[in-house]
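Worksheet: one structure, shown below.
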Amino acid sequence: MGNFRVNKISSKRFLAMKISFANDLVYIAWKHRWDIDFKKLAEALSLDPRIGEYGLYSGLGFGGSCLPKDTKLLAELEKETGYRLIQEVVKINDENIEKIIKRLEEKYGKLENKKILVVGLSFKEETDDLRESLALKLAKKLKEKNNIVHWYDDDIKEKEVIEGIEPFDLKEKYDIVLITKSIDEKILNIINAKRIIGLRAYLNHFGL
C-alpha cells in the first residue's frame, strides 16, 4: 500500500476517531448524569488549534461511502497488532443508534406505536447520499419497534418510499420529530408535531 493510499485512509480514520470520541464522551456523561451543554463543550475544544472543530459535535456518528469503509479496513489490519483503538471507534459508531434510541426512551418514554418523522435521511448535509446513512438506520430501527415512521429531507428530490420508510405526510400529526442534520427550519412551521428533538449537538432543538 503506497503513501497516497495510506494518507487517505489514515485521515479518514482520524476523523472517524474524533466523531466516536465525541459520542463516547456523551455516553460517559449520560452514565454519570453530568449536566453538560455538548454544543458549548465542542466549541470550547475546537478553540485548541491542535484539535480543530470537525467531528466534535456529538450526534448520530459517521456514514457515507468512504469513512466507514476505510475505518473498517484499518480496524481489520489493526487486529494483527494486538491493539483495539480503531476497532473501538468502529464499535462505538455501529452501536450508536441503539444507544440514541435508549436515551430517547429514558428521557421521553417508550418509542413504540408512535408516529415519528425523521427530518434528514441522507448521511450528512447537502447530499442525497444514503450509503451507510445512520439516519436511515435510525428510521428503520424505529419502524421495527412498531412505529409509523416517515422521512423528510430537502436534499432528496424524489419523495418516495425509501427502504420501507414513507415520505412526509403534511396531513399527519406526529408524536415526535427527530432532526438529524442542519435544515431550513421553515419546514418546522408546517409540521404538526407534539415534540421536536435534534439529534446532533449543533442543532437548535438538541435534546439528548
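Data overview
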{"item": "DSSP-defined antiparallel bridges as percent of all bridges, the chain, nearest 5", "result": "5 percent"}
{"item": "Burial ranking of peptide ranges 150-159, 91-100, 42-51 (average Cβ count within 10 Å, highest at the top)", "result": "91-100, 150-159, 42-51"}
{"item": "CD proxy at 222 nm, helix term only [per DSSP H run n ≥ 4: -39500 (n - 2.57); per residue of the chain; nearest 500]", "result": "-14000 deg cm²/dmol"}
{"item": "Cross-link table 110/141; 72/102; 171/194; 99/159, entries beyond 20 Å C-alpha to C-alpha", "result": "72/102; 99/159"}
{"item": "Net charge contributed by nearby residues that have their C-beta within less than 13 Å of residue 84 (K/R +1, D/E -1)", "result": "-2"}
{"item": "Dipole moment magnitude, nearest 20 debye, the chain about Cα centre, only Lys, Arg, Asp, Glu C-beta charged", "result": "500 debye"}
{"item": "Lys, Arg +1 and Asp, Glu -1 on Cβ, resulting dipole of region 85-125 about Cα centre, debye, nearest 20", "result": "240 debye"}
{"item": "For the chain, the spread of Cα positions along each principal axis, largest first, Å", "result": "55, 38, 29"}
{"item": "Amide proton proximity set for residue 192, modelled H, under 5 Å, gap of 5+", "result": "174"}
{"item": "Projected-area mean, region 3-96, by convex hull of Cα positions, square nanometres", "result": "7.0 nm²"}
{"item": "Note, ³J(HN,Hα) from phi for region 76-93, Karplus 6.51, -1.76, 1.60, rounded to Hz, x at Gly and Pro", "result": "5, 5, 5, 4, 6, 8, x, 9, 9, 4, 6, 4, 6, 4, 5, 4, 4, 5"}
{"item": "Residues 136, 203, sorted so that the one with the fewest Cβ neighbours within 10 Å comes first", "result": "203, 136"}
{"item": "Under Karplus coefficients 6.51, -1.76 and 1.60, residue-wise ³J(HN,Hα) of region 110-120 in Hz, glycine/proline x", "result": "4, 9, 9, 6, 10, 9, 10, 10, 9, 9, x"}
{"item": "Hits among aspartates and glutamates - C-alpha to C-alpha of residue 143 under 17 Å, sequence gap 8 or more where chains match", "result": "98, 105, 112, 160, 163, 166, 169, 172, 175"}
{"item": "Reduced Cα scattering model of region 107-198, Debye log10 I(q)/I(0), q = 0.20, 0.23, 0.25 Å⁻¹", "result": "-0.93, -1.25, -1.49"}
{"item": "Förster radius 45 Å - calculated FRET efficiency between residue 37 and residue 73 (Cβ-Cβ, nearest 0.05)", "result": "0.80"}
{"item": "Residues 54, 27, sorted so that the one with the fewest Cβ neighbours within 10 Å comes first", "result": "54, 27"}
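Computed from the coordinates by the stated procedures, all read-outs in this text should not be read as laboratory data. What you see is a predicted model, and the numbers here were worked out from it, not measured in a lab. In this analysis, Cβ positions are derived from the backbone assuming ideal geometry, glycine residues included, and neighbour counts consider all displayed protein chains.
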